[in-house]
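Following: one structure in structure tokens, then a few remarks.
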Amino acid sequence: MLKKDIIRRNPLRLMGYEAEDILGKGEFGALTARAGVGKTAFVVQLALDKLLRDKNILHISIDEPVDKVCLWYEEAFRNIASQCDIKQLEPFWEAILPKRLVMTFKVDGFSVPKLEERIADLTAQNIFFPQTLIVDGLPFDEMEEIAATLNDLKRMAEAQDLSVWFTVRTHRHESPGPDGMPIPLTGIADLFKTILELQPDGKDIQIKAIKGGPEGAGSPTLILDPSTMLVKSKSGSGEK
């Protein structure tokens, strides 16, 4: 029951998306928010859903150590299991661990050629074959530099049939651009199929789609529970 219960809590499904995977091969998705609002917690929940559906996740963390990233996954998994009142979670946790690999880079040490080289080392030895990348912490402040990096990543993702989710840090003092997009995505939003935003609203953190939202009107209002950083509906339910 645990697997079924967690899959039912897929944040994208709760938002009203009908497909389990809204990003196809070679496509990008972005989650934007200010620092400390919950970007990593959200993408970890996306990753857990994919892991439970037997998809391989390569989590690329910029400037965060492996043990800290692993702790985020374990805490999110245990919080979801606790909310579902499931006691026997260890077998499921042990089953998904081989499908997840955490890779870290320093900000100055990240480049697409280096990433390609490290992935090639893994695949050449039949160690790991990623299907989705989570890129957490890549700086989007230097427009020309990030545009070049994203174009290289796009080429790599298309060549290797990868979907890619990015966290994008925004800043309190920056208003959205004329097209409504966060400033860090100005001029590069076309590279992304879907862009989601975490927006603080009093004590709540609301989740909304600013590009590529679910079809049809009336998608439910979702928030991140600040006590667990898990996605739930405005009414408090974790299920649609």
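Test each condition in (1) open to solvent by 20 Å² or more (accessible area, probe 1.4 Å); (2) touching a strand residue (DSSP E or B) at 6+ places or on another chain (Cβ under 6 Å); (3) modelled with pLDDT of 95 or more for residue 31 and report the one that comes out false.
For residue 31, the failing item is (1).
Look through the stretch 49-58, keep the residues that are open to solvent by less than 30 Å² (accessible area, probe 1.4 Å) and out of contact with any Leu (no Cβ under 7 Å at 6 or more places or on another chain), and return whichever of them is nearest to residue 128 (Cα to Cα).
51
When you scan the stretch 192-240 for strands (runs of 3 or more DSSP E) that lie fully inside it, which ones turn up with 2 or more residues that are among the aliphatic types (A, V, I, L, M) and either modelled with pLDDT of 75 or more or surrounded by 15 or more Cβ atoms within 10 Å (Cβ to Cβ) (or both)?
Passing ranges, in order: 192-201, 204-211, 222-224.
Could we say that residue 174 is part of a loop (DSSP other than H, G, I, E, B) and surrounded by 12 or more Cβ atoms within 10 Å (Cβ to Cβ) here?
So residue 174 fits the description; yes.
The values are calculated or read from the model by the stated rules, or taken from the named source; none is laboratory data. This structure is a prediction, so every number in the text was calculated from the model and none was measured. Methodologically, a virtual Cβ is constructed for each residue, glycine included, from the backbone with ideal geometry; neighbour enumeration extends over all protein chains shown. The accessibility values were calculated without ligands, DNA or RNA, using every heavy atom of the protein model including side chains. Shrake-Rupley method; radii C 1.70, N 1.55, O 1.52, S 1.80 Å.
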